[in-house]
1. Starting from residues that are farther than 16 Å from GLY101 by Cβ and basic (Lys, Arg), keep the ones in the range 143-201 and report whichever is surrounded by the most Cβ atoms within 10 Å (Cβ to Cβ).
2. Could you please find all residues in the range 62-88 being more than 18 Å from the chain's Cα centre (by Cα) and not β-branched (Val, Ile, Thr)?
3. In this structure, does LEU114 turn out to be crowded, with 16+ Cβ neighbours inside 10 Å and part of a helix (DSSP H, G or I)?
4. List the helices (runs of 4 or more DSSP H) inside the range 135-247, counting only whole elements, that have at least 3 residues being under 19 Å from the mean Cα position of the chain (by Cα) and closer than 30 Å to ALA108 by Cβ.
5. If we scan the range 86-104, do we find a residue that is of a type in the set (Phe, Trp, Tyr) and farther than 25 Å from MET171 by Cα?
6. Is there a residue in the range 262-285 that is among the acidic types (Asp, Glu) and surrounded by fewer than 20 Cβ atoms within 10 Å (Cβ to Cβ)?
Amino acid sequence: MSEKTSDPEKDSGPEKDSGPAKKSRAGRDLPAAIAVGGTLGVSIILILLFAPMLWYGLVAAAFAIATWEVTKRLHTAGYNVALWPLLIGGQAIIWLSWPYGPTGVLVAFVATVLVSMVWKLLAQGISSAPENYLKDLALTVFVLAWLPLLASFGVMLVTQEDGAARVATLMVVVVCSDVGGYAAGVLFGKHPMAPAISPKKSWEGLVGSLLVGTIGAVGCITFLIGSHWWIGLILGPVLVVCATLGDLVESQVKRDLGIKDMGTLLPGHGGIMDRLDSLLPSAFVVWAVLTALL
């Protein structure tokens, strides 16, 4: 999970905030967001320094909560996704990546899809045909791929050589991208990037994210991992673009559902899923780039 502060590049959503807390330009309680983000960041640093394999437990717990948040929102909107296959199969995808790597992830993913197909088929009993079978099954597979499948690449980083440094690279570059986008968006943001999806996300903010994110990537590759600096020039821009697209995907999902946040667990941030949107595609990018080039 990322230690994000409130980001004006993020969608403010269709719902309005309430309460006396002072809001930032992003419409959030900025002091609470900073406090929560800082606490999460320190916790992750301590885990990576002293007990790296606890990363598995942290990620597994976070994605169990995130899956529950998303399925609850979908159910409220009238979509009946397969909750229990998602929860159990999602945990299998994450945990089987520890001993078996990508093979374990693939087997667990396919097995969960098959179970979900049968689960939805028999949800109303064999005496009546299920309603909205195709729509609900498609959404179940989407959530499975969006959350635990992408998360598995982030958790597998810790099992590789210099695993803690690779996870730290993921977190640092995403934070650098957020900070760069925040600063550039506040200071220079005038040209909306995708106003129909996320009105406060600007092209100037993207430039700031690319600049600071690439600097962070070069620094992490050079000083944390101890490899060729030019790998950071590849990793940084690709990660920033994917992180930005991850933000936009979740923003559009929330717009379709008519909500501002997926949950309320983290003050100033929303739910767990609201902190994972950019990390999910970024985890795959870091795993793929570092696996290929290191």
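1. This residue is LYS201.
2. Within the range 62-88, HIS75, ALA77, GLY78, TYR79, ASN80, ALA82, LEU83, TRP84, PRO85 meet the criteria.
3. no
4. Fully inside the range 135-247 and qualifying: 150-156, 163-188.
5. Looking for residues that are of a type in the set (Phe, Trp, Tyr) and farther than 25 Å from MET171 by Cα, one finds none in the range 86-104, hence no.
6. No, every residue in the range 262-285 fails to be among the acidic types (Asp, Glu) and surrounded by fewer than 20 Cβ atoms within 10 Å (Cβ to Cβ).
Rule-based calculations on the coordinates, nothing more; no lab input. From a predicted model like this one, the values you see are computed outputs, not experimental measurements. Glycine gets a Cβ as well: all are built from the backbone with ideal geometry, and neighbour counts include every protein chain shown.
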